[in-house]
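Notes follow once the structure below has been shown.
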Amino acid sequence: MGTTTKVRSPDDLSGSDFTIGQALALGALHGPAELLPISSSGHIALIPWLLDWDYDRLDGELRKSFEVVLHAGTAAALLITLRGEVDDALRGMDFRLAALIALSFAPPALIGYRLERQIERHLGTPPTIAAGLIAGAVVMAWADRRPQTRRSPQAGPIDALCLGLAQSCALIPGVSRNGATLAAARLRGFTREDANRLSRHVALPVIAGATVLKSVRLARRGLPPHTAVPFMAGAVASFGSTLGSTWLIRQVERDRSLLPYAAYRVCLGLAVAGRLRRRRARTARPEGSG
C-alpha cells in the first residue's frame, strides 16, 4: 500500500518496511477511533495485527513513537475544533472547577508516570487488548442502564476522582479513555450530554499532558533515519481525520445508548480471540498432518 519507505528500529530489530500508505491509514483511523468510545490505542495495535501489516512487526519503541505523533495530530485538531468549548471553560474557571480538573488529572498522571512502561510491556498484546475491549463493553452496557438525571454543574470531588480513576484504567490498551469516562459519568448519574461534556473536559488535559511528555521523550531519544516521511504522513492524516470527524462527538451525545459501541467492541474482541485460537491450533497441529 503506497510508497515504501525503509524504517528500522533503533537497534535494527525489525527489518521491516513501514509504508506511507499504512501510516496514512492508521492516521485516518486514529481520529474517529479517539472520538468514539472504542479505543484508539486498541485499534492502532489490532488492525495491523489482524491485517498482517508490516507495521505490526516494527520494534515496540518505534510503534510507540509513531503513536505519539498520531496523538499529537489528534490533540492539535481537538484544540481547534473544541476551541469555543475550551474558551468557555477557561472563562468560567473558578476554584471549584480547577479542583475538579486537578482531581481527575492526578490519578492517570501519577499511574501513567510510574507504570506506563510496565502497562505497555505486559498489557499491550492482542489477548489483553481484546480483554480490555470486552470488559469495557460490559461496563458501558451496565452504565447505560443506570438512571441519568444529573447535570455537569453538580459534579463534585467524588465524581472527579471517579473520572480520574476511569482515565487510569484507560491506560490499558483496549479500554478506551472516552468509553471509560463516559461509563463513569453515566454510572454517577449524569445525562448523556453532560457525561460527554465532562468526558471531554477531563480528557483534554490528560491528552495534552501525555502528548507533551511523550514528545519530550521522543525528542531526547530521536528517531531512526528515513522515518520522517511516514511519521509526518501519519500525523497529518490523524489531524485531518480528527477535524473531519468531530461531528461524531455530537452523534455520541444524541445516541440513546452506548450499546452499539459496546456490541462493536465485543465483536472486535471476539475476532481477535478467534484468530488467536486458529493460530494456536495451527501451532499445535503435528507436522505433516492434513
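So, in the stretch 174-194, exactly how many residues are among the small types (G, A, S), in a helix (DSSP H, G or I) and surrounded by fewer than 24 Cβ atoms within 10 Å (Cβ to Cβ)? Talk me through it step by step, then tell me what you get.
Going through the stretch 174-194, the residues among the small types (G, A, S) turn out to be 174, 176, 179-180, 183-185, 189.
Applying the additional criterion that residues be in a helix (DSSP H, G or I) yields 179-180, 183-185.
Next cut, surrounded by fewer than 24 Cβ atoms within 10 Å (Cβ to Cβ) only: none.
Looking only at that region, the number is 0.
Take the stretch 199-243 and flag every residue that is more than 20 Å from L110 (Cβ to Cβ), open to solvent by less than 30 Å² (accessible area, probe 1.4 Å), within 17 Å of the chain's Cα centre (by Cα) and not small (G, A, S).
Once the filter is applied, which keeps residues that are more than 20 Å from L110 (Cβ to Cβ), open to solvent by less than 30 Å² (accessible area, probe 1.4 Å), within 17 Å of the chain's Cα centre (by Cα) and not small (G, A, S), the stretch 199-243 yields R200, T242.
Only one residue in L161, L171 is open to solvent by 40 Å² or more (accessible area, probe 1.4 Å) and more than 15 Å from the chain's Cα centre (by Cα), so which one is that? Break it down into steps so the answer makes sense when it comes.
Numbers: L171 fails: more than 15 Å from the chain's Cα centre (by Cα).
Exactly one of L161, L171 is open to solvent by 40 Å² or more (accessible area, probe 1.4 Å) and more than 15 Å from the chain's Cα centre (by Cα), namely L161.
Would you be able to say whether some residue in the stretch 263-272 is in a helix (DSSP H, G or I), touching an Asp or Glu at 6+ places or on another chain (Cβ under 9 Å), aliphatic (A, V, I, L, M) and open to solvent by less than 20 Å² (accessible area, probe 1.4 Å)?
no
May I ask you to verify whether L258 is among the hydrophobic types (A, V, I, L, M, F, W, C) and open to solvent by less than 20 Å² (accessible area, probe 1.4 Å)?
Against the criterion (among the hydrophobic types (A, V, I, L, M, F, W, C) and open to solvent by less than 20 Å² (accessible area, probe 1.4 Å)), L258 qualifies.
Per-residue answers, yes or no, for (1) at pLDDT below 90; (2) open to solvent by less than 20 Å² (accessible area, probe 1.4 Å):
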{"residue": "A33", "(1), (2)": "no, yes"}
{"residue": "A45", "(1), (2)": "no, no"}
{"residue": "W53", "(1), (2)": "yes, no"}
{"residue": "L82", "(1), (2)": "yes, yes"}
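Filter the stretch 126-139 for residues that are surrounded by 24 or more Cβ atoms within 10 Å (Cβ to Cβ) and either of a type in the set (A, V, I, L, M, F, W, C) or over 30 Å from R57 (Cβ atoms) (or both) and give the result. Spell out the reasoning first.
Within the stretch 126-139, the subset surrounded by 24 or more Cβ atoms within 10 Å (Cβ to Cβ) is 129-130, 132-133, 136-137.
Answer for the stretch 126-139, where residues must be surrounded by 24 or more Cβ atoms within 10 Å (Cβ to Cβ) and either of a type in the set (A, V, I, L, M, F, W, C) or over 30 Å from R57 (Cβ atoms) (or both): I129, A130, L133, A137.
Quick one: G112 ticks every box in (1) over 15 Å from A155 (Cα atoms); (2) loosely packed, with under 11 Cβ neighbours inside 10 Å except a single one, so which number is it?
Going through (1) over 15 Å from A155 (Cα atoms); (2) loosely packed, with under 11 Cβ neighbours inside 10 Å one by one, G112 breaks only (2).
Out of V69, V139, report the one residue that is under 21 Å from A219 (Cα atoms) and either assigned to a helix (DSSP H, G or I) or in contact with a Phe, Trp or Tyr (Cβ under 8 Å, 6 or more places away or on another chain) (or both). Show your work before the answer.
Working: V139 fails: under 21 Å from A219 (Cα atoms).
Residue meeting the stated conditions: V69.
The values are calculated or read from the model by the stated rules, or taken from the named source; none is laboratory data. Just so you know, these numbers come straight off a predicted model, no measurement behind them. Note that each Cβ is placed from the backbone with ideal geometry, even for glycine, and that neighbours are counted across all protein chains shown. These accessible areas exclude ligands, DNA and RNA; they are computed on the full protein's heavy atoms, side chains included. Shrake-Rupley method; radii C 1.70, N 1.55, O 1.52, S 1.80 Å.
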